[in-house]
Amino acid sequence: MSSAPITLQFFPPQSSFDPSFWEELYERKLNKYGLSDEDIPIFNASKGSSSGYSFDRDSFTIQPSYAGRGVLRNFNTIEDFGRCDKKALIATLGQTLIDSLISGAAISDPSLLRVFSLLSFADLKAYKFVFWLVAPVPTFVRPPTIVSHSSMSANTNALQYVVSAATTVENSIFCVRGDITGYDFETLSIAEAWKSRYDHDMHFVVPDSCTNDAVLGWETRNLIALLALYSTTSGDTLTISRGASPSAAQKHISVFALRGSHSSSFSASRHFIIEVSLAQLVDMHKIPEGLDWISHWRSQCSFVGWEQNERGKPAPRQADVSALLDSTALMKQAVDLNLRLMKWRLWPSLNTLALSTQRVLLLGAGTLGCSVARNLIGWGVRRITFVDSGVVSYSNPVRQSLFEFDDAQQRRFKAVAAADRLCKIFPAIEARSEVLSIPMPGHPFNDSSSSSGSTESKGIRTVFILISIL
């Protein structure tokens, strides 16, 4: 008595992020995207796992070696993130996938099998990011089953060839033709191998990171859907026979599961070849009269593919990268964010970059000088020099915001104390001091009144953009 066929299962999608991805998103949000919530093209950097979606700084730019393309939708509030219609989103992405399968575009460009969307909310003040990846795959009426399974332990020649080929091919999925027990092999793209896709010596190489022999990567599910869709056609054409019934269960393909990183040393026992019977896409008994099965499949197909969280439930995850930055950098980012918010919501023409590059000379570090300095750094000014010859008295700290009791007790010069306190308030700024007497307007200037001599005054001969007498 034969045993029941084993249903082939698929490892759900997993995303991983290099910290540089979030750093790049932070900078682009501040300096380019602003409050826009339009879709942003991004690219999957992972070629070593058909379940993996890997992102880094370069994911925002097109790279020929990238294994998939998708969109990033970054929301301005966590409430908008929660209100996003997840059901409609996966349905739209799924239809994009189906279009690439039916048109045959995925045959020439297998990266289309990895369509995805990444939802995110960037809490820029806390440097935390909430995100949720969706990579749609169609559901099957009858799932694919495992026909046979064989380890590569006794076929090291084939394994070494496939491992070498995986480091040079452009796409993450490709084909190898040859007898696994022999020595003669040929690397082909899916398009090149299409006419011979069901031959016993044609193997679809799928890299993934699964450890269970009955489980393949998420991307493989879309590959099987592609093959099942075309299972009623002859080997020399890409034209779908619209009136034919799908007979995918009678078609078998050979999948070479390549597990691990391409750059790592491989253990032959980890890799295997699995013969799979294709899935059935539709129930022929439920197709309305006069409607071909492909049109019915397109209109009725449902999709799954939301990434799971740490507890194994479909739900968003969170990335906290604040620990990767020192406190000064975090504060600078937070201050810059406040400036961008003022620009985006209140003053679109505000040139925050110009403010940050100005050099301000404050003549006087008293009540007004301290208050103006605090306001200047709040508006993004980063370089301030105080000029004053007075010392902090006991009456000053209650009126002049940059001084404390200890400054008066030590009789510190106002210019020096103000510059030091400004750097303690915001360590990312450049605050300097010059102890120099400043005469009242209309009064003669006496060189002998300088508290620190003529040599100290040389430090302020640089041209300043703004000079304020306070």
Study note, to complete from the structure: Note: among Phe81, Phe131, Phe116, Phe75, just one is among the aromatic types (Phe, Trp, Tyr), surrounded by 15 or more Cβ atoms within 10 Å (Cβ to Cβ), free of Cβ contacts under 8 Å to residues at least 60 places away in the same chain and assigned by TED's automatic domain parsing to the domain that holds Glu38, namely Phe75
Check your understanding: So which helices (runs of 4 or more DSSP H) are wholly in region 30-147 and hold at least 1 residues that are more than 30 Å from Ser164 (Cα to Cα)?
Key -> 78-83, 86-103
Review point. Of the numbered conditions (1) over 18 Å from Gly217 (Cβ atoms); (2) surrounded by 15 or more Cβ atoms within 10 Å (Cβ to Cβ); (3) among the hydrophobic types (A, V, I, L, M, F, W, C), Ala105 satisfies every one except a single condition; which is it?
Key: (2)
Point to revise | Selection count, region 145-159, where residues are surrounded by fewer than 18 Cβ atoms within 10 Å (Cβ to Cβ) and among the hydrophobic types (A, V, I, L, M, F, W, C) | key: 2
Exercise for review: Among residues belonging to region 163-206 that are of a type in the set (Ser, Thr, Tyr) and under 26 Å from Tyr230 (Cα atoms), point out the one that is surrounded by the most Cβ atoms within 10 Å (Cβ to Cβ).
Suggested key: Ser172
Point to revise | Among (1) at pLDDT below 90; (2) out of contact with any helix residue (DSSP H, G or I) (no Cβ under 7 Å at 6 or more places or on another chain) - the single one Phe413 does not satisfy | key: (1)
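The values are calculated or read from the model by the stated rules, or taken from the named source; none is laboratory data. Treat the numbers as computed from the prediction; the structure is a model and nothing was measured. Because the Cβ atoms are built from the backbone with ideal geometry, glycine has one as well, and the counts that use them run over all protein chains shown.
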